[in-house]
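Participant: Take a look at the following structure, please.
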Amino acid sequence: MTVGYSVITISRQYGSGGREIEAQLAERLGIPFYDKTLCAEAAKHSRLDADFLEQAEKALWDTARARTTYLKDDTGQVLGEAENCHLCLDSGLLGPEHTVRTLEAVFQTEHTEKGGA
């Protein structure tokens, strides 16, 4: 049995309105929205040790650094550059609403073509 689910990862620059765009997109698509704020809040209310959470975050950053180094050394690509992304939108030019509608249309097209609901 195959369980289907979608994960959308959005990289953004500070001041781009990305958090608002991400939240609206998730709501329109009916998928959960997780961000750093939500994760921090969940951690605060969990019974996990603060040191454990700090170590987990450090491990994630170490993994991200290793991935960035691998990408540059093995492929010559630089993480975060537009030419290395599947899709790049200028939310400052498009505005949040049009950006969300564009992303929603891309998701729906890809999801339909791959046999999703």
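Participant: Karplus couplings for region 98-104 from phi (6.51 cos²θ - 1.76 cosθ + 1.60, θ = phi - 60°), rounded to Hz, Gly and Pro as x?
Facilitator: Each residue's phi maps through the Karplus curve to give 5, 4, 4, 4, 5, 5, 4 Hz.
Participant: I'd like the trypsin sites (Lys or Arg not before Pro) in region 1-97 restricted to DSSP loop residues with at most 10 other Cβ atoms within 10 Å, sorted by number.
Facilitator: When the trypsin sites (Lys or Arg not before Pro) of region 1-97 are filtered for loop state and at most 10 Cβ neighbours within 10 Å, Arg47 remain.
Participant: I need the chymotrypsin sites (Phe, Trp or Tyr not before Pro) found in region 13-117, filtered to DSSP loop residues with at most 14 other beta carbons within 10 Å of theirs. Before the final figure, lay out each step's value.
Facilitator: Working: sites: Tyr14, Phe33, Tyr34, Phe52, Trp61, Tyr70, Phe107; in loops: Tyr14, Phe33, Tyr34.
Those satisfying the criteria are Tyr14, Phe33, Tyr34.
Participant: Picking from Gln77, Gln24, Gln55, which is most flexible by a Gaussian network model of the chain using Cα springs under 10 Å?
Facilitator: Gln55
No lab work stands behind these numbers, since they all come straight from the coordinates. The shown structure was predicted, so the numbers you read here are calculated from the model rather than taken from an experiment. Cβ sites come from the backbone with ideal geometry, for glycine too, and all protein chains shown count toward neighbours.
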